[in-house]
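The values are calculated or read from the model by the stated rules, or taken from the named source; none is laboratory data. Since the structure is predicted, the reported quantities are computational estimates derived from the model, not experimental observations. Methodologically, a virtual Cβ is constructed for each residue, glycine included, from the backbone with ideal geometry; neighbour enumeration extends over all protein chains shown. We work out accessible area using only protein heavy atoms, side chains counted, and drop any ligands, DNA or RNA first. Shrake-Rupley method; radii C 1.70, N 1.55, O 1.52, S 1.80 Å.
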Amino acid sequence: MNKTIPRLAVFISGTGTNLQALIDAKKKKKLEAEIALVVSSSPSAAGLGKAEKEGIETFVFQEKEFASKEEATNALLSILREKKIEYIALAGYLKIIAAEIISEYENKIINIHPAILPKYGGQGMYGIHVHEAIIAAHDKESGLTIHLVDEKYDHGRILKQIKVPVYEDDTPGLLQQRILKEEHKHYPIFVNKLVKGEI
């Protein structure tokens, strides 16, 4: 009897480079899941084009389009159920996930953060802002954190932290590129562990 392939949704807000890493891992048979849906918080996110190129269904989710937060959450839950989504991977998604979704997908939502948590987490700590803060603090190392998602922002059980050196002549952009390279290498491994039930 054939085992059903887990169905994964990837949530994005921008360029979708970690989405692309997951797509590439799937093609190399290193991700044992179907990327069945890409949810974007922005209609202009470049990552939507990456999804469409692969024939992956997309959904632009903006709370402001709904009469209330509750209505927005219900709409998102409805599409996740309709598409039979079993796991969610956040890939540069900048919005807070509603408690109702976290409850429905308990221990089935994974995130990657471009710094070592908890020091550089919380509101405003995303994208280039994280790397600017690290360089301004003259830290000698940074890195990335892969973690499960709970009700608190940039919180949840840490699965893996990879450290990356910060050089004296680094710029936020150079540091970002060095960390992204590590993100693209490690995130698909842990998303795969999640969908295989190894986490």
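Using beta carbons and a limit of 6 Å, which pairs, at least six apart or on different chains, have the first residue in the stretch 59-70 and within 22 Å of SER44 (Cα to Cα) and the second one assigned to a helix (DSSP H, G or I)?
Within 6 Å, the pairs are PHE59/ILE79; PHE61/LEU76; GLU63/ALA72; PHE66/ALA72.
Checking GLU183 against (1) acidic (Asp, Glu); (2) open to solvent by 20 Å² or more (accessible area, probe 1.4 Å); (3) closer than 29 Å to LYS29 by Cα; (4) in a helix (DSSP H, G or I): exactly one of these is not met. Which one?
It is condition (2) that GLU183 fails.
Any residue in the stretch 73-85 that is within 25 Å of LYS193 (Cβ to Cβ), open to solvent by 50 Å² or more (accessible area, probe 1.4 Å) and out of contact with any His (no Cβ under 9 Å at 6 or more places or on another chain)?
yes
Sort out which residues of the stretch 120-179 are over 19 Å from ALA89 (Cα atoms), assigned to a loop (DSSP other than H, G, I, E, B) and touching a Pro at 6+ places or on another chain (Cβ under 9 Å), and write them in order of number.
Residues satisfying the conditions are TYR120, LYS140.
What number of residues within the stretch 139-176 are basic (Lys, Arg) and either modelled with pLDDT under 95 or over 19 Å from the mean Cα position of the chain (by Cα) (or both)?
2
If we keep just the residues of the stretch 177-199 that are among the hydrophobic types (A, V, I, L, M, F, W, C) and at pLDDT 95 or above, which is nearest to the chain's Cα centre (by Cα)?
By that ranking, first place goes to VAL191.
Mind listing whichever residues of the stretch 139-174 are in contact with a helix residue (DSSP H, G or I) (Cβ under 7 Å, 6 or more places away or on another chain) and open to solvent by 70 Å² or more (accessible area, probe 1.4 Å)?
If the condition is that a residue be in contact with a helix residue (DSSP H, G or I) (Cβ under 7 Å, 6 or more places away or on another chain) and open to solvent by 70 Å² or more (accessible area, probe 1.4 Å), then GLU151, LYS160 are the ones that fit.
Among what's in the stretch 14-34 and is small (Gly, Ala, Ser) and in a helix (DSSP H, G or I), pick the residue that is nearest to ASN192 (Cα to Cα). I'd like the intermediate steps shown before the answer.
Restricting attention to the stretch 14-34, the residues satisfying the condition of being small (Gly, Ala, Ser) are 14, 16, 21, 25, 33.
Cutting the leftovers down to in a helix (DSSP H, G or I) gives us 21, 25.
Values: ALA21: 12, ALA25: 9 Å.
Filtering first and then ranking leaves ALA25.
For the stretch 118-138: of the residues being under 21 Å from THR15 (Cα atoms) and open to solvent by 50 Å² or more (accessible area, probe 1.4 Å), which is modelled with the lowest pLDDT?
By that ranking, first place goes to GLN123.
Here is a list: SER40, SER44, SER68. Which entry is open to solvent by less than 60 Å² (accessible area, probe 1.4 Å), hydroxyl-bearing (Ser, Thr, Tyr) and out of contact with any strand residue (DSSP E or B) (no Cβ under 7 Å at 6 or more places or on another chain)?
Within the list SER40, SER44, SER68, the selection yields SER68.
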